[in-house]
1. Output the residues belonging to region 123-132 that are modelled with pLDDT of 75 or more and within 13 Å of Ile17 (Cα to Cα).
2. Is it fair to say Ala196 is assigned to a helix (DSSP H, G or I), surrounded by 12 or more Cβ atoms within 10 Å (Cβ to Cβ), modelled with pLDDT of 85 or more and among the small types (Gly, Ala, Ser)?
3. Considering Ser221, Ser190, Ser170, which residue is modelled with pLDDT under 75 and either closer than 30 Å to Met279 by Cβ or not assigned by TED's automatic domain parsing to the domain that holds Val286 (or both)?
4. For region 96-112, which positions are in a helix (DSSP H, G or I) and over 18 Å from Leu67 (Cβ atoms)?
5. Restricting to region 235-250, what's the tally of residues that are surrounded by fewer than 18 Cβ atoms within 10 Å (Cβ to Cβ) and among the hydroxyl-bearing types (Ser, Thr, Tyr)?
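The values are calculated or read from the model by the stated rules, or taken from the named source; none is laboratory data. Because the structure is predicted, anything quoted here is derived from the model rather than measured. Positions of Cβ are generated from backbone atoms using ideal geometry, with glycine treated the same way; all protein chains shown enter the neighbour counts.
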Amino acid sequence: MKEKVKKKDTFSTCHPIVNLIYFICVIGYAMAFTDPVCLGISFIGMFIYLVMLKGGSGVKKNLIYMLFLVVITAGINMAFSHQGVTILCYLPSGNPLTLESILYGIGIAFMIVSTIGWFSCFNEVITSNKMIYLFGSLAPVLSLLISMVLRFIPECADRYREVYGVIKASGYAGSGKHFKRLKTGIKVSSVVVTWALERAVVTADSMLSRGYGLKKRTAYSLFVWDGRDTVSLIYLLITGIYVLVAAANGTFRFWYYPAVTGIKLTPYRLSAYIMYALMVVCPLIVKKGKKWIF
């Protein structure tokens, strides 16, 4: 089976340490901030980078489940959370529907969607080679296991689609009745499981023959630190630490309950928003900056 070649952007070719620091910042802040402006910045930055990595056609499916997840999460919160002082109406159950519960549900939904999207970007950029490079010396077994799992799941999905396509082209795929389609699915799953077990045995033999597990073994690195990585790291540290200090000072504090607190836009808070946005769009800046500097 041909391996699926991932679309690379300029930032993904940076040193793995730079990539890791970036994703630690964006994922950590995406899960920590409830400020609507920060949620919007994180979501827009995630969407832009996802388009850069997968292209417009590759993001269509992601966009559908993102919108679906936003609606479901907001709906669940409205149905089960009745806190807030601004009552819009009363549900058939007699519980109030409040403006605060709606806004909180939408905010949490965008937080979840942004976090999932950032992890999707992480999976595209942090390859198995980068994972082993970053954590191989600290936890070699764990890093190898994680990298193999991250690679194994999409490979199984690709193999399933390939086998199903062959069966369908051969005219053996059941259609119409649920039993025939179930039978076809079981047949395809059996082929995929057999392939996975065989591949696991071959991989284990290959690793053993290459000396995996021996003491004092050396490691070869494909990654070299250059000037672009230094500039990118300094850029991320300046923006990331600025945002962290602002968050520690309570700049992004925002309350939904019992009443929605307004955003008091001070010069410092505005500068924190700008620095957060600059940090999030770092891949785009690296892409544009390559033409000017590197």
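1. Within region 123-132, Val125, Ile126, Thr127, Asn129, Lys130, Met131 qualify.
2. On the way: assigned to a helix (DSSP H, G or I): yes; surrounded by 12 or more Cβ atoms within 10 Å (Cβ to Cβ): yes; modelled with pLDDT of 85 or more: no; among the small types (Gly, Ala, Ser): yes.
In short, no.
3. On the way: Ser190 fails: modelled with pLDDT under 75; Ser170 fails: modelled with pLDDT under 75.
Going through Ser221, Ser190, Ser170 in turn, just one is modelled with pLDDT under 75 and either closer than 30 Å to Met279 by Cβ or not assigned by TED's automatic domain parsing to the domain that holds Val286 (or both): Ser221.
4. Of all residues in region 96-112, those in a helix (DSSP H, G or I) come to 99-112.
Listed by number, the residues that qualify are Leu99, Glu100, Ser101, Tyr104.
5. Selection size over region 235-250: 1.
Rundown of residues vs (1) at pLDDT 70 or above; (2) closer than 30 Å to Leu20 by Cα; (3) under 29 Å from the mean Cα position of the chain (by Cα); (4) surrounded by 12 or more Cβ atoms within 10 Å (Cβ to Cβ), yes/no style:
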site: Leu150; (1), (2), (3), (4): no, yes, yes, yes
site: Gly165; (1), (2), (3), (4): yes, no, yes, yes
site: Lys177; (1), (2), (3), (4): no, no, no, no
site: Arg181; (1), (2), (3), (4): yes, no, no, yes
site: Thr184; (1), (2), (3), (4): yes, no, no, yes
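Condition check ((1) surrounded by 13 or more Cβ atoms within 10 Å (Cβ to Cβ); (2) farther than 22 Å from Val245 by Cα; (3) not assigned by TED's automatic domain parsing to the domain that holds Leu270) across all residues:
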position	(1), (2), (3)
Tyr22	yes, no, no
Val37	yes, no, no
Gly45	yes, no, no
Ile48	yes, yes, no
Ser57	no, yes, no
Leu69	yes, yes, no
Ile76	yes, yes, no
